[in-house]
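The values are calculated or read from the model by the stated rules, or taken from the named source; none is laboratory data. Predicted, not measured: the structure shown is a model, and the values here were computed from it. Here the Cβ is made from the backbone with ideal geometry for all residues, glycine too, and neighbour counts use every protein chain on show.
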């Protein structure tokens, strides 16, 4: 009985960590969209950092849509990547919680 409770608690903690990591990824993608839509200074260190991190997290979807408008391009491509990361996170967390 004690082993089952400890395993459930451990799986719950793993699920929580996975959910936090997934939401941080989604936050970087959404923050990049917001900074782009608000015309943030691209030479600013924070803007460059967010763009670099978000670019690495797009799952290769940064050129899925190619509209002429750059803001629309970022919104669509990074928005789709954020939605997919959110979905992946939800599924993985649910599976981890179910296994316990």
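Quick rundown of the values:
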| item | result |
| --- | --- |
| Residues (modelled with pLDDT of 95 or more, surrounded by fewer than 16 Cβ atoms within 10 Å (Cβ to Cβ) and not in a helix (DSSP H, G or I)) located in the stretch 1-41 | 38, 39, 41 |
| Residue within the stretch 50-63 that is modelled with pLDDT of 95 or more and over 19 Å from residue 76 (Cα atoms) present | no |
| Selection count, the stretch 50-73, where residues are surrounded by 11 or more Cβ atoms within 10 Å (Cβ to Cβ), more than 15 Å from the chain's Cα centre (by Cα) and not in a loop (DSSP other than H, G, I, E, B) | 3 |
| Single unsatisfied condition, residue 87 versus (1) closer than 23 Å to residue 99 by Cβ; (2) exposed (fewer than 13 other Cβ atoms within 10 Å of the Cβ); (3) in contact (Cβ under 8 Å) with a residue 24 or more places away in the chain | (3) |
| Odd one out for residue 93, checked against (1) in a helix (DSSP H, G or I); (2) without any contact (Cβ under 8 Å) to a residue 40 or more places away in the chain | (2) |
